[in-house]
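Below: one structure, written as structure tokens.
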Amino acid sequence: MSDLDLLAIDAKNNENSMNKLITQYENFILRCASSAARSYISKSDDEWSIALSAFTEAINNYSVGKGSFLNFAELVIRRRIIDFMRSKSRYSPEITVNPSLFNTDAKDEDEYTMQSEIAKKVSVVEDNSIKLEITLINEVFSEYGFSFMDLAECSPKSKKTKKSCAQAVAYLINNPILTSEIKIKKQLPLNIIEKHTRIPRKLLERHRKYIIAAVEIMSGDFPNLAGYMGYIRQELEK
């Protein structure tokens, strides 16, 4: 546990420590708010107040088992900003989505339906929720060096490969420390996954982007996108 994590725990019941933490991380709060809103946020904007409140919420709800405090705080801030944007209906990006973005096996009727449905939903102007999620997750993916559109090429196609990818994702999400390390280092711990799941390294390397994408979606605030990863949810529920 880092000194910052310990400070965050102390700040929960210490007003002076909380104020010190907030003052010290004002730029971090603004950066998180700007990232979530995909626009520059200053202290004169409503988003600043929301992000500040979210940071305080993160302090009050933080515990050792939640990994890095900054990762946890960023997640809370992102969620609150997204909620604000949705409630105000201020965010309506124009985005087109190829049905194959979650490409699996086109011969699989369930997956084909899923691909068709996501394309249909994104095309509906009145429903911007999934468009918003795609835009926000693209921001996350860019930090790893790929985009949402890249998923069409690296998504698993056979049932066996889908199951292996789902097992890798479930293993990572069930180990919050590893999930936090991925988000900090922007790297997939291939050796650890291979050792504990016995999934071939070559398979993990081939589907690295997809596994990272699934971890970010399933561990973040992306309910619409997560809804299209049924086979991963099934693995998580085992």
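Give region 190-220 a look and list any residue that's crowded, with 17+ Cβ neighbours inside 10 Å and not in a helix (DSSP H, G or I), or say none.
Ile199, His207, Gly220
Restrict the check to region 9-19 and report whether at least one residue is of a type in the set (Gly, Ala, Ser) and part of a helix (DSSP H, G or I).
Initially, region 9-19 is screened for residues of a type in the set (Gly, Ala, Ser), giving 11, 17.
Restricting the remaining residues to those that are part of a helix (DSSP H, G or I) gives 11, 17.
Scanning region 9-19 turns up at least one residue that is of a type in the set (Gly, Ala, Ser) and part of a helix (DSSP H, G or I).
Out of all the residues in region 177-189, which are loosely packed, with under 15 Cβ neighbours inside 10 Å and not in a helix (DSSP H, G or I)?
Lys186, Gln187
Quick check on this structure: which one of Ala226, Ala170, Ala214 is more than 14 Å from the chain's Cα centre (by Cα) and of a type in the set (A, V, I, L, M, F, W, C)?
Checking each option against the conditions leaves just Ala170.
Filtering region 12-38 down to residues that are under 26 Å from the mean Cα position of the chain (by Cα) and over 30 Å from Ile134 (Cβ atoms), which residue is surrounded by the most Cβ atoms within 10 Å (Cβ to Cβ)?
Leu21
Can you give me the number of residues within region 27-51 that are within 21 Å of Glu139 (Cα to Cα) and in a helix (DSSP H, G or I)?
Number of matching residues: 15.
Of the conditions (1) under 20 Å from the mean Cα position of the chain (by Cα); (2) surrounded by 15 or more Cβ atoms within 10 Å (Cβ to Cβ), Ile41 satisfies every one except a single condition; which number is it?
Result: Ile41 passes all but (1).
Got a number for residues in region 221-238 being surrounded by fewer than 17 Cβ atoms within 10 Å (Cβ to Cβ) and in contact with a Gly (Cβ under 9 Å, 6 or more places away or on another chain)?
Going through region 221-238 one residue at a time, the tally reaches 1.
Only the coordinates and a few stated rules stand behind these numbers; no lab work does. Quantities reported herein were computed from a predicted structural model and do not represent experimental measurements. Virtual Cβ from ideal backbone geometry, glycine too; neighbours counted across all protein chains shown.
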